[in-house]
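A short worksheet on the structure shown next.
The values are calculated or read from the model by the stated rules, or taken from the named source; none is laboratory data. As the structure is a prediction and not an experimental result, all values here were calculated from the model. Note that each Cβ is placed from the backbone with ideal geometry, even for glycine, and that neighbours are counted across all protein chains shown.
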Ligand SMILES: *[C@@H]1O[C@H](CO)[C@@H](O)[C@H](O)[C@H]1NC(C)=O
Ligand SMILES: *[C@@H]1O[C@H](CO)[C@@H](O)[C@H](O)[C@H]1NC(C)=O
Ligand SMILES: [Zn+2]
């Protein structure tokens, strides 16, 4: 109606010659009476005519709008507004994967397998849109704010684990799905307590509170247990600080608490194999296969007897959840994250990156295969929380104008990640403190496949072993002419993919990341707001007393002014050599 009224107002106002008529015009449009009498000759007639024309137009506009809206609804949102019947929703997150990660990986894959230029990755064939990723605190988001947009459907600040800028919790799609009778799962290759998985079933003010997140994930929080299946790394946050392999700051035994709450627990490859690809699973299930992160795929593939892969864990989860919901009238919600694409970006390591993306593509293909065979109505949506590394499939190496080239060969020649090579180098140095030049030369040839290393490259590695991770990665990046603009994240828009473009029609085109969250809850038809309400009401019962007797929120401390919350502390904390980069005042040297 407002739209229809506007032309009338514009046309009429140009003919108005005094203030009184302006007041009349206003009254005509707002329906408010004015105080004026009958003095204006002929006004009543024009008023009557105006009202008549106005109502005629308004009626026409309403009818047209109604028809158009009805039509849009029918065309673009088949069955999404009123979900009925059993449904499964699989949400895949490629952490830190921007569009260039795909150009790089696709090219690498073609080179490695002798495929034509036209050969695509599986995921390429399912592109439907793009997501804009900013958080409330920055154009450049971190994974916490990014995943909060997906889980809650709200923007928040970098570092927020499903809490809003006012430090109130927001209910998540997973929590709402559980309340509605769905089964739920989280599958990751990083710590299960890291930002992305945490945002689906935990609420803390700072992402660094991973001990607290571990407790919440197993149900020690206002809603009780909401996750039925967890597979990934991060075991160290579940073990008491009195145990080998713990990184908790207290002596709580979260594995024991989980078992008390009914979880079955596996922590090894043989434990994983006993799940028989998901056919032999007792839910709830907690599977923690690494102390911190599961190794990069490029390294893990040689340690297949120790760690399961992303696609194996995804398959197991799909099978277990679908079996567990076989006789239910509700399906499941499963989040699968290719977590360490992001880490490869942070470390500017193109070798680790392409292998992570290929493994994600494999998991993506497995999900599609599952959906083809499974009779339950379902959709898979895949997107990234942000881009990492400011990756470019190009690099200017000299001051002269560059050739237009990118070489996959150096990536194909390397057989280990820079992270792994650095760890092995540090281990070597610990037992061989003498001149490691020969060791370095042999590693560079054997593991990186580089036969033209310069004297300065070798001597830098010898003199600054604390920067080995960065130096190894850079040797490959320069030879392949891969560019990086940051060791952090960037604000690039990221891609959205779906198993079925019609079922995910709402996500076609360019969207805010929160609209991905909106889609998830709408697809399952679940009530996230009532979960928010419950969290707020019951949350106060979970507040604790601090050392000084002060009240501490169950969501933990709020960051102090200027405290860094973008998650880079975890890289320093976990990736061994990164924390040794603080030389001469620079956080990460050698770049
Ligand atoms: C382990 O945790 C307890 C608190 O639960 C603490 O008092 C103790 O200092 C911790 N020990 C270590 C070695 O961190
Ligand atoms: C890859 O390794 C081979 C030896 O296995 C070597 O001849 C070749 O030059 C290397 N390629 C690149 C691009 O470094
Ligand atoms: Zn990151």
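Quick notes on this structure:
- Residues of segment 158-180 include none that is in the same structural domain as residue 352 (by TED's automatic domain parsing) and within 30 Å of residue 304 (Cα to Cα).
- Qualifying residue in segment 219-238 (condition: under 25 Å from the mean Cα position of the chain (by Cα), surrounded by fewer than 20 Cβ atoms within 10 Å (Cβ to Cβ) and within 16 Å of ligand 1 (Cβ to nearest atom)): yes
- Some residue of segment 112-130 being within 17 Å of residue 490 (Cα to Cα) and surrounded by 17 or more Cβ atoms within 10 Å (Cβ to Cβ): yes
- Single unsatisfied condition, residue 489 versus (1) at pLDDT 95 or above; (2) more than 16 Å from ligand 3 (Cβ to nearest atom): (2)
- Checking 417, 384 one by one, the residue that is touching a residue at least 24 places away in the same chain (Cβ under 8 Å), surrounded by 24 or more Cβ atoms within 10 Å (Cβ to Cβ), under 23 Å from residue 337 (Cα atoms) and out of contact with any strand residue (DSSP E or B) (no Cβ under 8 Å at 6 or more places or on another chain) is 417 and no other.
Every residue, every condition in (1) within 16 Å of ligand 3 (Cβ to nearest atom); (2) in a loop (DSSP other than H, G, I, E, B); (3) within 18 Å of residue 144 (Cα to Cα); (4) at pLDDT 50 or above, yes or no:
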position: 535; (1), (2), (3), (4): no, no, no, yes
position: 538; (1), (2), (3), (4): no, no, no, yes
position: 559; (1), (2), (3), (4): no, yes, yes, yes
position: 563; (1), (2), (3), (4): no, yes, yes, yes
position: 573; (1), (2), (3), (4): yes, no, yes, no
position: 577; (1), (2), (3), (4): no, no, no, no
position: 589; (1), (2), (3), (4): no, yes, no, no
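- With respect to the stated conditions, residue 447 is closer than 28 Å to residue 101 by Cα, more than 16 Å from ligand 3 (Cβ to nearest atom) and modelled with pLDDT of 95 or more.
- Criterion (more than 16 Å from ligand 2 (Cβ to nearest atom) and in the same structural domain as residue 416 (by TED's automatic domain parsing)) met by exactly one of 442, 434, 454: 434
- Given (1) assigned to a loop (DSSP other than H, G, I, E, B); (2) under 29 Å from residue 483 (Cβ atoms), index of the condition residue 330 fails: (2)
- Meets criteria (crowded, with 19+ Cβ neighbours inside 10 Å, within 16 Å of ligand 2 (Cβ to nearest atom) and more than 30 Å from residue 159 (Cβ to Cβ)) for residue 411: yes
- Matching residues in segment 159-177 - criterion: being surrounded by fewer than 24 Cβ atoms within 10 Å (Cβ to Cβ) and in contact with a helix residue (DSSP H, G or I) (Cβ under 9 Å, 6 or more places away or on another chain): 164, 168
- Any hit, segment 97-105, residues being assigned to a loop (DSSP other than H, G, I, E, B) and either at pLDDT 95 or above or on the phi > 0 side of the Ramachandran plot (or both): yes
- Residues in segment 339-396 that are farther than 20 Å from residue 495 by Cβ, assigned by TED's automatic domain parsing to the domain that holds residue 129 and not in a helix (DSSP H, G or I) were compared, and the one that is farthest from the chain's Cα centre (by Cα) is 375.
- Scope segment 301-310; condition surrounded by fewer than 21 Cβ atoms within 10 Å (Cβ to Cβ) and within 23 Å of the chain's Cα centre (by Cα); matching residues: 309
- Failed item, numbered, when residue 546 is tested on (1) modelled with pLDDT of 95 or more; (2) in contact with a strand residue (DSSP E or B) (Cβ under 6 Å, 6 or more places away or on another chain); (3) surrounded by fewer than 21 Cβ atoms within 10 Å (Cβ to Cβ): (1)
- Restricted to helices (runs of 4 or more DSSP H) entirely inside segment 156-268, those with at least 3 residues that are within 16 Å of ligand 3 (Cβ to nearest atom) are 195-201.
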